Amino acid sequence: MGTKILSNKFYSQMEKLEPRYPTKVALLLPALHAAQDEFGWLPPEVMDEVAVYIGIHPAQVREVASFYTMYNLKPVGKYHLRFCTNVACCLRGSDELVEHCEKKFGIKCGETTKDRKFTLMEEECLGSCGTAPALMMNDDYYENLDIPKLDQLLERLE
Amino acid sequence: MSAQSETLFIQHFKPSAKPLDYYLKSMSGYQMAKKALAMSQDDIIAEVKKSNLRGRGGAGFPTGMKWGFIPKQSKKPKYLVCNADESEPGTFKDRDIMRYTPHLLIEGMVIAAHAIGANSGFIYIRGEYVVEAKILEKAIEEAYADHYLGKNILGTEFHFDLTVHRGAGAYICGEETALLNSLEGKRGEPRVKPPFPAQAGAFGGPTIVNNVETLAAIPFIMSRGGEWFSKLGKIEKSGGTRLFCVSGHVKKPGVYELPAGSVTLRQLIYDHCGGILGDKKLKAVIPGGSSAPVLTADEIDVIVDIEPLMKIGTMLGSAGILVVSEDYCVVKLIKRITKFYAHESCGQCTPCREGCKWMEDILERIEHGHGREQDLGLLLEIADNINGKTLCALGDAAAGPVTSFVKKFRADFEAHIRGGKCPNA
């Protein structure tokens, strides 16, 4: 394998975690999170480098990465919107929020706008049922939403 | 409104700029760990048994008894794992504990780790709780700096390392053996049991997996005793208070803390949560997260605790109470719930993998007016073919709600099938 594409920060983060786990493969989920933080998604060559670091077959990395919905196996937009549409949010009108966004962006759930600004997704329960409906955008939650609040939020985004 | 009762957690659920300062000053932070580290493991476990603390994650298993299952003579390293996956739809209490009182959880884990003889622990937190994971990481850093974690905790011989391990979006990882696989860097697929985690859990070592609220209750038990905690509960076999998560069509959704077994569903919905939005009529209540069989408006004079709910065919689960008003389509609701289980089935067991998807498809066509008369029988048959026939409880969690919705709201399903559309639409 040629030059490394994951940063020194990635490797120092992993080095710090290593003594906490009795096996190296246990670092796979933390490593995938850290790698995704750097690239916004998990390009194949990044997963290959994670495989080399952990010392497992690249297929094993893909097998695990594809099991979990939060690992992005294709690029996502600058703003990754994940609308909770599970029971509590659904009871509180999440369907209208999703529909509103689909119309506004001209895309369907699971798609990214052409300018790579927005990715729209439906999410299972976010654990924000008391403040439903809720949306997770990148790392943050936005709660007690309605269409005017959502529009306000989207207008502020660059 | 019922008389003011003692609460343990909820008065501390307020944004605090410095969780450690607050914890030390207002909650006698880490004094209980100090006390516990001077006690024998058996004495701590006996105290927890006396407290009648039952697991707050969903199964309600007595915590002290679970800790007692750890083999003392094991040569393999033991582990303590906190299940902070909180992904049962309708549940949002652990998030409050972690973001407002992270040190309470850490102290509970120090005590539990000492009790079971574990020197290593993990908080397995769902991937979506990014903010909460950061709060925990910062709190853990503070705890290391002040010798509440790490080597020679509080000047004793006891060592305990604690690490936050983030999940990455998989409901199934709330199931404890799936969680352990995920912790080990694998796909979150449940394991065949036995062996149970207490024998062979994380990395093959004896392991205790406890929910956030369960572990966060431990410092209170250490502080005021198992008997005191047990008496907080107003029903046999359930000690302490409970954090109820109420959501859906109530006027004041949120987390409510009340003594275990002290309140009926009706009181919770109408007295505490202000009744139904828009003063509409109540249609249905799901009392224990989306995996719990549904109740009708006539069934809410039941005490919200483990045994009373079990007696009427449902469960308390994670105490996530979902309230549905009269004008919401119950067919749409159970379709959404079933879609969730079909999406989250890990795919290992055929009845669950295939059955959930079939139930979703059938419910989808009924919802949109394309159902057939025989579909209701078919749904019940599929649910019956899943129930009890899978490695983990996800299959039962998908089947129970379908069966209960079809049986209790049959007229609504028939109206969709015969009328070709939702009668409410």
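Annotation: segment A:9-158 has a Kirkwood hydrodynamic radius of 16.9 angstrom, from the mean reciprocal C-alpha pair distance.
Determine ³J(HN,Hα), in whole Hz, for all residues of segment B:230-243 in sequence, where each value follows from phi through the Karplus function 6.51 cos²θ - 1.76 cosθ + 1.60 and θ = phi - 60°; x replaces Gly and Pro. Each residue's phi maps through the Karplus curve to give 4, 6, 4, x, 9, 9, 4, 6, 10, x, x, 9, 10, 9 Hz. For segment B:44-177, DSSP calls about 15 percent of its internal beta bridges antiparallel. Note on segment B:73-198: with charges restricted to the Cβ of Lys and Arg (+1) and Asp and Glu (-1), its dipole about the Cα centre is near 440 debye.
In whole angstrom, the protein assembly as shown maps to an equivalent ellipsoid with semi-axes of 36, 31, 23, each derived as √(5λ) from the alpha carbon gyration tensor and ordered largest first.
Dipole check for the protein assembly as shown: with +1 at the C-beta of Lys and Arg, -1 at the C-beta of Asp and Glu, and the Cα centre as origin, the magnitude is about 640 Debye. On the beta carbon distance between B:T156 and B:E6, with R0 = 35 Å, the FRET formula returns roughly 0.65.
Average projection, convex hull of the Cα set of chain B: 19.7 square nanometres. For segment A:106-145 versus segment B:315-376, the inter-centroid distance based on Cα atoms is 22 Å.
Of the residues B:V324, B:A397, B:S345, the one whose Cα sits farthest towards the positive end of the charge dipole of segment B:287-425 is B:S345 (charges of +1 on Lys and Arg Cβ, -1 on Asp and Glu Cβ, taken about the Cα centre). Arranged from fewest to most other beta-carbon atoms within 10 Å of their beta carbon, A:D48, B:D85, B:D43, B:D412 become B:D43, A:D48, B:D412, B:D85. Each part reduced to its alpha carbon centroid, segment A:54-68 and segment B:15-74 end up 36 Å apart.
Database remark: amide H of B:F122 closer than 5 angstrom to the amide H of B:L80, B:V81, B:C82, B:T163 (H placed geometrically; neighbours at sequence offset of 5 or more, or on other chains; Pro and chain starts carry no H).
Scanning chain B for long hydrophobic helices, with DSSP H runs required to stretch 15 angstrom or more by C-alpha along their axis and to average at least 0.5 on the Kyte-Doolittle scale, returns B:102-116, B:212-224, B:375-386. The modelled label-to-label distance between A:E96 and B:V131, using points 7 Å beyond Cα along the C-beta direction, is 2.4 nm.
Would you please give the FRET efficiency between B:W228 and B:K72, computed as 1/(1 + (r/R0)^6) with r the Cβ-Cβ distance and R0 = 22 Å, to the nearest 0.05? So the FRET efficiency works out to roughly 0.20.
Spin-label model, B:E307 to A:R156: label points 7 Å out along the Cα-to-beta-carbon direction sit 5.1 nm apart.
When the Cα convex hull of segment B:248-294 is projected onto planes of every orientation, the mean area is 3.5 nm². By other beta-carbon atoms within 10 Å, ranking B:S74, B:S318 with the fewest at the front produces B:S74, B:S318.
Measuring from each cysteine beta-carbon in chain A, the ones with no other cysteine beta-carbon under 4.7 angstrom are A:C90, A:C101, A:C109, A:C125, A:C129.
Semi-axis lengths, largest first, of the ellipsoid equivalent to segment B:182-278 are 34, 21, 11 Å, with √(5λ) applied to each eigenvalue of the Cα gyration tensor.
Ranked by how many other Cβ atoms sit within 10 Å of their own Cβ, fewest first, the residues B:T91, A:T69 fall in the order A:T69, B:T91.
Assuming charge only on the beta carbon of Lys and Arg (+1) and of Asp and Glu (-1), the dipole of chain B about its Cα centre is about 220 debye to the nearest 20.
For B:V250, the residues 5 or more places off, or on other chains, whose built amide H falls under 5 Å of its own are B:L277.
Cross-linked pairs A:K149/B:K18; A:K114/B:K332; A:K117/B:K251; A:K149/B:K408; B:K76/B:K193: Cα-Cα separations exceed 27 Å for A:K149/B:K18; A:K114/B:K332; A:K117/B:K251; A:K149/B:K408.
Every read-out reported here was derived from the displayed coordinates using simple, explicitly stated rules and does not represent laboratory data. This structure is a prediction, so every number in the text was calculated from the model and none was measured. As a convention, Cβ positions derive from the backbone with ideal geometry for all residues, glycine included, and neighbour counts pool all protein chains shown.
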